[in-house]
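Asks: What follows is a single structure, and I will ask about it in a moment.
The values are calculated or read from the model by the stated rules, or taken from the named source; none is laboratory data. Every value quoted in this text rests on a predicted model; they were computed, and no experiment measured them. Every residue, glycine among them, receives a Cβ derived from its backbone with ideal geometry; neighbour counts consider all protein chains shown.
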Amino acid sequence: MKFEELPDIPKDWVHFNAGVHPELPLTTLQNNRRFLRTQQDRIRENAYRDEKIISLLLDGEKEHSDRKIKNIQRLQKPETVLVVANIEADLFGGTFSQFLKCLTAVKLCEALAEYAVDAVPVCWICRPADVIPPPKRLFRILDTESELHRLRVQMDDCNLTLSGEGRNFNRIPELIAWIEDIGRDSFDPEIIATLKKIYSQDTDWWAASARFLTVLMDVWGMFVVDPRLQDFQSALREADRGFSTQKVSHDGVFNGTPPVHLMQSSILPVFACVLDPYELRPFAEALTAYKVHGLIPPISWPASSATFIDSRSRRILKNYKLCYQDLFTGEENLLKGINERIPRSSITAKLGALKSEVERCVEALSDQVQGDHGFRKTKKSCLKRIVFQLDKMKSRIETAGMRKESVARRQIHRVACSLVPDGLSQEYGLSGLSLLLRYSHTLFTFLHERVDIMKFEHQLIYMD
(Lines give C-alpha, C1' and ligand atoms only; values in the text may rest on other atoms or scores of the structure.)
Protein backbone atom coordinates (compact mmCIF):
# COMPACT_ATOMS: atom_id res chain seq x y z
CA MET A 1 0.00 0.00 0.00
CA LYS A 2 1.12 3.57 -0.63
CA PHE A 3 2.67 5.61 2.15
CA GLU A 4 0.07 8.32 1.54
CA GLU A 5 -2.52 5.94 2.99
CA LEU A 6 -0.75 5.80 6.36
CA PRO A 7 -1.29 8.52 8.98
CA ASP A 8 1.46 10.92 10.05
CA ILE A 9 3.98 9.85 7.42
CA PRO A 10 6.25 12.85 6.61
CA LYS A 11 5.88 14.13 3.05
CA ASP A 12 9.65 13.99 2.65
CA TRP A 13 9.46 10.22 3.18
CA VAL A 14 6.74 9.86 0.55
CA HIS A 15 8.82 11.85 -1.93
CA PHE A 16 11.99 9.92 -1.10
CA ASN A 17 10.39 6.54 -1.74
CA ALA A 18 8.88 7.89 -4.95
CA GLY A 19 12.36 8.93 -6.09
CA VAL A 20 11.57 12.66 -6.20
CA HIS A 21 13.27 13.97 -3.04
CA PRO A 22 15.33 17.02 -4.14
CA GLU A 23 18.52 16.23 -2.19
CA LEU A 24 18.33 12.44 -2.19
CA PRO A 25 17.74 10.68 -5.49
CA LEU A 26 16.67 7.09 -4.84
CA THR A 27 19.32 4.61 -5.97
CA THR A 28 17.94 1.38 -7.36
CA LEU A 29 20.24 -1.60 -7.90
CA GLN A 30 18.87 -2.74 -11.23
CA ASN A 31 20.85 -1.37 -14.20
CA ASN A 32 23.21 0.46 -11.84
CA ARG A 33 26.03 -2.09 -11.67
CA ARG A 34 28.65 0.41 -12.89
CA PHE A 35 27.59 3.05 -10.36
CA LEU A 36 27.68 0.53 -7.50
CA ARG A 37 31.19 -0.63 -8.37
CA THR A 38 32.34 2.98 -8.75
CA GLN A 39 30.92 3.82 -5.33
CA GLN A 40 32.76 0.87 -3.80
CA ASP A 41 36.05 1.84 -5.50
CA ARG A 42 35.77 5.48 -4.42
CA ILE A 43 35.20 4.50 -0.81
CA ARG A 44 38.10 2.05 -0.84
CA GLU A 45 40.47 4.49 -2.56
CA ASN A 46 39.70 7.23 -0.06
CA ALA A 47 40.71 4.79 2.70
CA TYR A 48 37.86 5.54 5.10
CA ARG A 49 38.92 2.60 7.19
CA ASP A 50 40.20 2.87 10.73
CA GLU A 51 41.91 -0.48 11.31
CA LYS A 52 41.56 -0.19 15.10
CA ILE A 53 37.82 0.18 14.67
CA ILE A 54 37.70 -2.73 12.23
CA SER A 55 39.54 -4.84 14.80
CA LEU A 56 37.07 -3.75 17.47
CA LEU A 57 34.20 -4.91 15.27
CA LEU A 58 35.83 -8.32 15.07
CA ASP A 59 36.15 -8.64 18.85
CA GLY A 60 33.41 -9.81 21.17
CA GLU A 61 31.79 -13.14 21.71
CA LYS A 62 33.76 -16.11 20.40
CA GLU A 63 30.70 -18.14 19.45
CA HIS A 64 29.11 -16.96 16.21
CA SER A 65 26.78 -18.23 13.55
CA ASP A 66 28.31 -19.46 10.31
CA ARG A 67 27.09 -16.29 8.63
CA LYS A 68 28.83 -14.11 11.22
CA ILE A 69 32.09 -16.03 10.84
CA LYS A 70 32.00 -15.48 7.07
CA ASN A 71 31.37 -11.77 7.58
CA ILE A 72 34.28 -11.60 10.03
CA GLN A 73 36.53 -13.06 7.34
CA ARG A 74 35.15 -10.69 4.71
CA LEU A 75 35.59 -7.64 6.92
CA GLN A 76 39.31 -8.32 7.09
CA LYS A 77 39.58 -7.74 3.33
CA PRO A 78 40.31 -4.16 2.24
CA GLU A 79 37.64 -4.15 -0.48
CA THR A 80 34.79 -4.91 1.93
CA VAL A 81 32.36 -2.07 2.63
CA LEU A 82 29.57 -1.57 5.18
CA VAL A 83 25.82 -1.05 5.12
CA VAL A 84 24.86 0.80 8.31
CA ALA A 85 21.52 0.95 10.13
CA ASN A 86 21.42 3.54 12.91
CA ILE A 87 19.31 2.26 15.81
CA GLU A 88 18.34 4.33 18.83
CA ALA A 89 19.29 2.80 22.16
CA ASP A 90 15.89 1.77 23.39
CA LEU A 91 14.20 -0.71 25.70
CA PHE A 92 14.53 -4.30 24.38
CA GLY A 93 15.57 -3.13 20.92
CA GLY A 94 12.81 -0.57 20.55
CA THR A 95 9.88 -0.55 18.17
CA PHE A 96 9.21 -3.10 15.45
CA SER A 97 10.50 -0.55 12.92
CA GLN A 98 14.05 -0.86 14.32
CA PHE A 99 14.09 -4.61 13.69
CA LEU A 100 12.82 -4.02 10.15
CA LYS A 101 15.61 -1.50 9.68
CA CYS A 102 18.22 -4.08 10.69
CA LEU A 103 16.70 -6.66 8.33
CA THR A 104 16.79 -4.10 5.51
CA ALA A 105 20.55 -3.70 6.01
CA VAL A 106 20.99 -7.48 5.96
CA LYS A 107 18.97 -7.93 2.80
CA LEU A 108 20.66 -4.99 1.07
CA CYS A 109 24.04 -6.65 1.63
CA GLU A 110 22.67 -9.85 0.10
CA ALA A 111 21.35 -7.93 -2.90
CA LEU A 112 24.66 -6.06 -3.37
CA ALA A 113 26.51 -9.39 -3.53
CA GLU A 114 24.68 -10.09 -6.79
CA TYR A 115 26.33 -6.95 -8.19
CA ALA A 116 29.82 -7.96 -7.01
CA VAL A 117 29.81 -5.50 -4.10
CA ASP A 118 31.15 -7.16 -0.95
CA ALA A 119 29.25 -5.60 1.95
CA VAL A 120 28.51 -6.57 5.55
CA PRO A 121 25.67 -5.17 7.72
CA VAL A 122 26.34 -3.01 10.79
CA CYS A 123 23.86 -1.87 13.44
CA TRP A 124 25.13 1.34 15.06
CA ILE A 125 23.56 2.12 18.44
CA CYS A 126 22.81 5.85 18.76
CA ARG A 127 21.99 7.87 21.85
CA PRO A 128 18.29 8.64 22.29
CA ALA A 129 17.47 11.69 20.21
CA ASP A 130 16.73 14.98 21.92
CA VAL A 131 13.42 15.03 20.07
CA ILE A 132 11.99 11.53 19.92
CA PRO A 133 8.85 11.07 17.80
CA PRO A 134 5.80 10.65 20.10
CA PRO A 135 5.24 6.95 19.20
CA LYS A 136 8.61 6.10 20.70
CA ARG A 137 7.79 7.63 24.09
CA LEU A 138 5.79 4.55 25.07
CA PHE A 139 6.74 0.90 25.33
CA ARG A 140 3.73 -1.05 24.06
CA ILE A 141 3.39 -4.81 24.41
CA LEU A 142 0.50 -7.22 23.79
CA ASP A 143 -0.61 -9.89 26.23
CA THR A 144 -2.03 -13.28 25.23
CA GLU A 145 -5.47 -11.76 24.58
CA SER A 146 -4.02 -9.00 22.38
CA GLU A 147 -4.70 -6.42 25.06
CA LEU A 148 -2.27 -3.54 24.87
CA HIS A 149 -0.09 -2.71 27.89
CA ARG A 150 1.77 0.61 27.94
CA LEU A 151 4.78 1.88 29.84
CA ARG A 152 6.15 5.39 29.71
CA VAL A 153 9.88 5.34 29.04
CA GLN A 154 12.31 8.09 30.05
CA MET A 155 15.91 7.62 28.96
CA ASP A 156 19.22 9.39 29.02
CA ASP A 157 22.78 8.20 28.50
CA CYS A 158 22.97 6.58 31.93
CA ASN A 159 19.49 6.03 33.32
CA LEU A 160 16.29 4.35 32.27
CA THR A 161 12.98 5.06 34.03
CA LEU A 162 9.77 3.12 33.39
CA SER A 163 6.31 3.79 34.71
CA GLY A 164 2.75 2.83 33.91
CA GLU A 165 -0.16 0.55 34.75
CA GLY A 166 -0.22 2.06 38.26
CA ARG A 167 3.36 1.10 39.13
CA ASN A 168 7.01 2.00 38.56
CA PHE A 169 9.85 -0.34 37.61
CA ASN A 170 13.14 0.50 39.28
CA ARG A 171 15.01 -2.44 37.78
CA ILE A 172 14.78 -4.27 34.48
CA PRO A 173 14.39 -7.70 36.17
CA GLU A 174 11.14 -6.44 37.71
CA LEU A 175 9.91 -5.51 34.25
CA ILE A 176 10.83 -8.93 32.84
CA ALA A 177 8.91 -10.62 35.67
CA TRP A 178 5.90 -8.46 34.83
CA ILE A 179 6.19 -9.44 31.15
CA GLU A 180 6.26 -13.11 32.14
CA ASP A 181 3.15 -12.57 34.25
CA ILE A 182 1.07 -11.06 31.44
CA GLY A 183 2.33 -13.79 29.11
CA ARG A 184 0.79 -16.54 31.28
CA ASP A 185 3.49 -19.04 30.28
CA SER A 186 2.68 -18.67 26.58
CA PHE A 187 5.53 -16.34 25.61
CA ASP A 188 8.57 -17.87 23.95
CA PRO A 189 10.80 -19.24 26.77
CA GLU A 190 14.00 -18.74 24.77
CA ILE A 191 13.35 -15.02 24.35
CA ILE A 192 12.51 -14.72 28.06
CA ALA A 193 15.72 -16.56 28.98
CA THR A 194 17.72 -14.23 26.70
CA LEU A 195 16.22 -11.17 28.38
CA LYS A 196 17.05 -12.50 31.84
CA LYS A 197 20.62 -13.29 30.83
CA ILE A 198 21.33 -9.94 29.18
CA TYR A 199 19.34 -7.53 31.33
CA SER A 200 20.77 -8.48 34.68
CA GLN A 201 20.42 -6.17 37.67
CA ASP A 202 23.81 -4.53 37.26
CA THR A 203 23.86 -4.33 33.44
CA ASP A 204 24.01 -0.91 31.82
CA TRP A 205 20.78 -0.66 29.82
CA TRP A 206 22.50 0.87 26.77
CA ALA A 207 25.08 -1.93 26.60
CA ALA A 208 22.28 -4.43 27.17
CA SER A 209 20.42 -3.00 24.15
CA ALA A 210 23.49 -3.57 22.00
CA ARG A 211 23.96 -7.08 23.35
CA PHE A 212 20.30 -7.98 22.79
CA LEU A 213 20.45 -6.90 19.15
CA THR A 214 23.74 -8.78 18.76
CA VAL A 215 22.05 -12.00 19.86
CA LEU A 216 19.01 -11.45 17.66
CA MET A 217 20.92 -10.50 14.53
CA ASP A 218 23.88 -12.89 14.85
CA VAL A 219 22.22 -15.43 12.56
CA TRP A 220 22.39 -12.82 9.79
CA GLY A 221 26.02 -11.99 10.50
CA MET A 222 25.31 -8.43 11.59
CA PHE A 223 27.84 -6.45 13.64
CA VAL A 224 26.42 -4.29 16.43
CA VAL A 225 28.41 -1.21 17.41
CA ASP A 226 28.24 0.46 20.81
CA PRO A 227 30.11 3.72 20.04
CA ARG A 228 30.51 4.53 23.75
CA LEU A 229 33.34 1.99 23.99
CA GLN A 230 36.69 3.63 24.63
CA ASP A 231 38.33 2.81 21.28
CA PHE A 232 35.32 4.11 19.39
CA GLN A 233 35.25 7.26 21.49
CA SER A 234 38.95 7.88 20.79
CA ALA A 235 38.45 7.49 17.04
CA LEU A 236 35.35 9.68 17.04
CA ARG A 237 37.04 12.41 19.10
CA GLU A 238 39.94 12.42 16.67
CA ALA A 239 37.55 12.73 13.75
CA ASP A 240 35.68 15.50 15.54
CA ARG A 241 38.92 17.44 16.04
CA GLY A 242 39.63 17.03 12.34
CA PHE A 243 36.28 18.54 11.44
CA SER A 244 36.82 21.40 13.89
CA THR A 245 40.29 22.37 12.66
CA GLN A 246 39.67 22.17 8.92
CA LYS A 247 39.10 25.45 7.13
CA VAL A 248 35.68 25.00 5.63
CA SER A 249 32.92 27.16 4.25
CA HIS A 250 30.05 28.25 6.47
CA ASP A 251 27.96 25.28 5.28
CA GLY A 252 30.51 22.86 6.71
CA VAL A 253 30.56 24.32 10.23
CA PHE A 254 28.55 22.44 12.87
CA ASN A 255 26.71 23.69 15.88
CA GLY A 256 27.88 21.08 18.35
CA THR A 257 28.73 17.49 17.40
CA PRO A 258 28.91 16.65 13.68
CA PRO A 259 26.11 14.40 12.33
CA VAL A 260 26.50 10.72 13.20
CA HIS A 261 26.48 9.75 9.50
CA LEU A 262 29.44 12.02 8.83
CA MET A 263 31.36 10.65 11.82
CA GLN A 264 30.75 7.08 10.69
CA SER A 265 32.03 7.79 7.18
CA SER A 266 35.17 9.38 8.62
CA ILE A 267 36.32 6.14 10.30
CA LEU A 268 34.59 3.33 8.38
CA PRO A 269 34.01 2.39 4.73
CA VAL A 270 30.26 3.11 4.78
CA PHE A 271 28.80 2.18 1.39
CA ALA A 272 25.12 2.66 2.21
CA CYS A 273 23.01 3.96 5.08
CA VAL A 274 19.53 2.61 5.79
CA LEU A 275 17.27 5.57 6.60
CA ASP A 276 13.92 5.79 8.36
CA PRO A 277 11.39 8.66 8.02
CA TYR A 278 12.78 10.53 11.04
CA GLU A 279 16.40 10.20 9.94
CA LEU A 280 15.90 11.39 6.38
CA ARG A 281 16.05 15.13 6.96
CA PRO A 282 19.22 15.13 9.16
CA PHE A 283 20.97 12.94 6.59
CA ALA A 284 20.00 15.25 3.73
CA GLU A 285 21.25 18.28 5.69
CA ALA A 286 24.62 16.57 6.22
CA LEU A 287 25.28 16.09 2.48
CA THR A 288 26.85 19.53 2.11
CA ALA A 289 29.27 18.74 4.92
CA TYR A 290 30.32 15.53 3.15
CA LYS A 291 31.41 17.54 0.13
CA VAL A 292 33.08 20.25 2.20
CA HIS A 293 35.13 17.70 4.14
CA GLY A 294 36.00 15.59 1.11
CA LEU A 295 34.03 12.53 2.17
CA ILE A 296 32.05 10.26 -0.12
CA PRO A 297 28.41 10.22 1.06
CA PRO A 298 26.92 6.73 1.40
CA ILE A 299 23.99 5.60 -0.71
CA SER A 300 20.72 6.40 1.07
CA TRP A 301 18.37 3.42 1.21
CA PRO A 302 14.83 3.52 2.68
CA ALA A 303 14.19 1.17 5.58
CA SER A 304 11.54 -1.40 4.79
CA SER A 305 8.12 -0.50 6.12
CA ALA A 306 5.72 -3.33 6.94
CA THR A 307 2.83 -4.54 9.06
CA PHE A 308 2.84 -8.15 10.19
CA ILE A 309 -0.69 -9.56 10.05
CA ASP A 310 -1.18 -12.81 11.95
CA SER A 311 -3.73 -15.42 10.89
CA ARG A 312 -6.29 -14.46 13.56
CA SER A 313 -6.22 -10.78 12.60
CA ARG A 314 -6.48 -11.69 8.95
CA ARG A 315 -9.52 -13.88 9.65
CA ILE A 316 -11.22 -11.09 11.62
CA LEU A 317 -10.66 -8.58 8.83
CA LYS A 318 -12.08 -11.04 6.32
CA ASN A 319 -15.13 -11.88 8.46
CA TYR A 320 -16.10 -8.22 8.79
CA LYS A 321 -15.17 -7.33 5.20
CA LEU A 322 -12.53 -4.84 6.35
CA CYS A 323 -9.18 -3.90 4.89
CA TYR A 324 -6.10 -2.79 6.80
CA GLN A 325 -6.60 0.89 5.96
CA ASP A 326 -10.06 0.83 7.60
CA LEU A 327 -8.45 0.30 11.02
CA PHE A 328 -7.11 3.84 11.07
CA THR A 329 -10.67 5.23 11.20
CA GLY A 330 -10.93 4.08 14.82
CA GLU A 331 -12.64 1.24 16.65
CA GLU A 332 -15.94 3.07 17.26
CA ASN A 333 -16.35 4.02 13.62
CA LEU A 334 -15.65 0.45 12.56
CA LEU A 335 -18.17 -0.92 15.07
CA LYS A 336 -20.79 1.56 13.94
CA GLY A 337 -20.43 0.37 10.36
CA ILE A 338 -20.50 -3.29 11.42
CA ASN A 339 -23.59 -2.82 13.60
CA GLU A 340 -25.38 -1.15 10.73
CA ARG A 341 -24.87 -4.33 8.74
CA ILE A 342 -26.40 -6.47 11.49
CA PRO A 343 -30.11 -6.74 10.44
CA ARG A 344 -31.37 -6.78 14.04
CA SER A 345 -33.20 -3.43 14.01
CA SER A 346 -35.12 -4.07 10.79
CA ILE A 347 -36.20 -7.56 11.88
CA THR A 348 -37.39 -6.43 15.31
CA ALA A 349 -39.31 -3.58 13.68
CA LYS A 350 -41.00 -6.03 11.33
CA LEU A 351 -41.85 -8.31 14.26
CA GLY A 352 -43.37 -5.35 16.11
CA ALA A 353 -45.45 -4.49 13.08
CA LEU A 354 -46.50 -8.14 12.70
CA LYS A 355 -47.60 -8.24 16.34
CA SER A 356 -49.77 -5.17 15.83
CA GLU A 357 -51.24 -6.66 12.66
CA VAL A 358 -52.05 -9.95 14.40
CA GLU A 359 -53.74 -8.13 17.27
CA ARG A 360 -55.79 -6.05 14.83
CA CYS A 361 -56.88 -9.07 12.78
CA VAL A 362 -57.84 -11.09 15.84
CA GLU A 363 -59.86 -8.22 17.24
CA ALA A 364 -61.59 -7.87 13.89
CA LEU A 365 -62.87 -11.43 14.32
CA SER A 366 -64.84 -10.29 17.36
CA ASP A 367 -66.91 -8.10 15.10
CA GLN A 368 -67.87 -11.13 13.01
CA VAL A 369 -68.92 -13.31 15.92
CA GLN A 370 -71.14 -11.73 18.55
CA GLY A 371 -72.21 -13.25 21.87
CA ASP A 372 -70.17 -16.44 21.60
CA HIS A 373 -68.38 -16.59 24.95
CA GLY A 374 -66.41 -19.75 24.02
CA PHE A 375 -65.10 -18.16 20.86
CA ARG A 376 -63.95 -15.04 22.69
CA LYS A 377 -62.14 -17.17 25.22
CA THR A 378 -60.43 -19.22 22.50
CA LYS A 379 -59.53 -16.05 20.57
CA LYS A 380 -57.95 -14.49 23.66
CA SER A 381 -55.91 -17.64 24.36
CA CYS A 382 -54.66 -17.88 20.75
CA LEU A 383 -53.75 -14.21 20.66
CA LYS A 384 -51.84 -14.54 23.90
CA ARG A 385 -49.83 -17.48 22.59
CA ILE A 386 -49.07 -15.79 19.25
CA VAL A 387 -47.97 -12.56 20.95
CA PHE A 388 -45.84 -14.55 23.39
CA GLN A 389 -44.04 -16.35 20.54
CA LEU A 390 -43.49 -13.10 18.66
CA ASP A 391 -42.11 -11.38 21.78
CA LYS A 392 -39.90 -14.40 22.44
CA MET A 393 -38.57 -14.33 18.90
CA LYS A 394 -37.94 -10.59 19.16
CA SER A 395 -36.08 -11.04 22.46
CA ARG A 396 -33.91 -13.79 20.99
CA ILE A 397 -33.05 -11.67 17.98
CA GLU A 398 -32.15 -8.71 20.20
CA THR A 399 -30.01 -10.95 22.44
CA ALA A 400 -28.26 -12.45 19.42
CA GLY A 401 -27.65 -8.95 18.07
CA MET A 402 -26.17 -7.77 21.36
CA ARG A 403 -24.00 -10.88 21.47
CA LYS A 404 -22.78 -10.17 17.95
CA GLU A 405 -22.04 -6.59 18.92
CA SER A 406 -20.08 -7.77 21.94
CA VAL A 407 -18.10 -10.29 19.87
CA ALA A 408 -17.48 -7.69 17.16
CA ARG A 409 -16.27 -5.14 19.73
CA ARG A 410 -13.88 -7.65 21.29
CA GLN A 411 -12.50 -8.84 17.94
CA ILE A 412 -12.13 -5.35 16.47
CA HIS A 413 -10.34 -4.26 19.65
CA ARG A 414 -7.95 -7.19 19.33
CA VAL A 415 -7.09 -6.57 15.71
CA ALA A 416 -6.73 -2.81 16.31
CA CYS A 417 -4.33 -3.37 19.23
CA SER A 418 -2.27 -5.77 17.13
CA LEU A 419 -2.14 -3.85 13.85
CA VAL A 420 -2.71 -0.17 14.71
CA PRO A 421 -1.88 0.19 18.43
CA ASP A 422 -3.23 3.49 19.71
CA GLY A 423 -4.02 4.45 16.12
CA LEU A 424 -0.36 4.22 15.04
CA SER A 425 1.11 1.96 12.41
CA GLN A 426 2.32 -1.28 13.97
CA GLU A 427 5.99 -0.70 13.20
CA TYR A 428 6.12 2.51 15.25
CA GLY A 429 3.44 1.78 17.81
CA LEU A 430 4.38 -1.73 18.93
CA SER A 431 7.55 -3.01 20.56
CA GLY A 432 9.41 -5.50 18.39
CA LEU A 433 9.81 -7.62 21.51
CA SER A 434 6.04 -8.14 21.59
CA LEU A 435 6.15 -10.04 18.29
CA LEU A 436 9.28 -11.95 19.26
CA LEU A 437 7.64 -13.18 22.46
CA ARG A 438 4.77 -14.58 20.41
CA TYR A 439 6.65 -16.05 17.47
CA SER A 440 10.25 -16.51 18.71
CA HIS A 441 13.33 -16.00 16.53
CA THR A 442 11.52 -17.67 13.63
CA LEU A 443 9.71 -14.36 13.12
CA PHE A 444 12.93 -12.90 11.69
CA THR A 445 13.33 -15.82 9.31
CA PHE A 446 9.74 -15.38 8.14
CA LEU A 447 10.16 -11.62 7.66
CA HIS A 448 13.51 -12.07 5.95
CA GLU A 449 11.80 -14.25 3.36
CA ARG A 450 8.75 -12.01 2.89
CA VAL A 451 9.98 -8.41 3.11
CA ASP A 452 10.95 -7.01 -0.28
CA ILE A 453 13.50 -4.21 0.06
CA MET A 454 12.99 -3.32 -3.61
CA LYS A 455 9.38 -2.33 -2.90
CA PHE A 456 9.41 1.29 -1.83
CA GLU A 457 6.01 1.20 -0.18
CA HIS A 458 4.35 -0.07 2.98
CA GLN A 459 4.07 -3.85 2.80
CA LEU A 460 1.43 -6.05 4.41
CA ILE A 461 3.07 -9.31 5.47
CA TYR A 462 0.48 -12.05 6.03
CA MET A 463 1.05 -15.19 8.04
CA ASP A 464 -0.25 -18.17 6.08
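Asks: For the stretch 397-409, state whether one or more residues are within 23 Å of the chain's Cα centre (by Cα), part of a helix (DSSP H, G or I) and crowded, with 19+ Cβ neighbours inside 10 Å.
Replies: No; the residues of the stretch 397-409 include none that is within 23 Å of the chain's Cα centre (by Cα), part of a helix (DSSP H, G or I) and crowded, with 19+ Cβ neighbours inside 10 Å.
Asks: When you check residue 322 against the structure, is it part of a helix (DSSP H, G or I) and among the aliphatic types (A, V, I, L, M), yes or no? Walk me through how you get there before you give the answer.
Replies: On the way: part of a helix (DSSP H, G or I): no; among the aliphatic types (A, V, I, L, M): yes.
So residue 322 fails the test.
Asks: Something else about it: How many of the residues making up the stretch 302-355 are among the β-branched types (Val, Ile, Thr) and at pLDDT 75 or above?
Replies: Going through the stretch 302-355 one residue at a time, the tally reaches 5.
Asks: For the stretch 410-433, enumerate the residues that are within 29 Å of residue 112 (Cβ to Cβ) and not in a helix (DSSP H, G or I). So that I can check it myself, show each step before the final result.
Replies: Kept after step one, since they are within 29 Å of residue 112 (Cβ to Cβ), are these residues of the stretch 410-433: 425-428, 432.
Listed by number, the list holds a single entry, 425.
Asks: Would you mind stating whether residue 307 is crowded, with 18+ Cβ neighbours inside 10 Å and over 30 Å from residue 35 (Cβ atoms)?
Replies: yes
Asks: Oh, and also: Give all pairs with beta carbons closer than 7 Å in which a residue from the stretch 320-348 that is closer than 23 Å to residue 8 by Cβ meets a residue that is polar (S, T, N, Q) and at pLDDT 75 or above; count only pairs at least 6 apart in sequence or on separate chains.
Replies: 324/307
Asks: Among the candidates 460, 436, single out the residue that is assigned to a helix (DSSP H, G or I) and not aromatic (Phe, Trp, Tyr).
Replies: 436
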